[in-house]
Amino acid sequence: MSHAAEWKVRLYLFEEDRTTKARLEVDTGTNKLTGHGTARCAPQDDDVPEIGDELAAARAMENLGEQLKRTAYGDMKAVGAPSDQESLKPYSGWLDMDAS
């Protein structure tokens, strides 16, 4: 069975007061999901916007990846297929500063 698809992905980055926020949107044509990530520059560190962009974007991608896995596991359950769910918790070093 062949299958081809195109998903539209957009990444938005915002920086203010040494904090970078990322919003990552994916549109699969049948579903829309949004991932979020934040990075904060420590007061003693040089403010390098590229580093904030990279960290915030990576964290938004991790967040979106977790959502996609949950969606896939739900779809598997809906069609009666077993899903061997792995842990969906964030990596131990990652804190979602927006959720606190």
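What follows is calculated from the coordinates using simple rules that are stated; it is not laboratory data. Remember, predicted model here, so these are calculated numbers, not experimental data. Here Cβ is always computed from backbone atoms with ideal geometry, including for glycine, and neighbour counts include all displayed protein chains.
List of remarks:
- Listed values for the stretch 57-62 are Karplus-derived 3J(HN,Hα) couplings in whole Hz (6.51 cos²θ - 1.76 cosθ + 1.60, θ = phi - 60°), namely 5, 4, 5, 5, 5, 4, and x replaces Gly and Pro.
- Other-chain or far-sequence residues with amide H under 5 Å of Arg18's (modelled H): none
- Length added when fully stretched, Ala78-Met61, from 0.36 nm per residue minus Cα-Cα: 3.6 nm
- As a proxy for reagent exposure, ranking Val79, Val9 by other Cβ atoms within 10 Å from fewest up yields Val79, Val9.
- Mean shadow area of the stretch 8-79 over all directions, Cα convex hull, nm²: 5.2
- Nearest-20 debye value, the stretch 8-79 charge dipole, Cβ charges on Lys, Arg, Asp, Glu: 620
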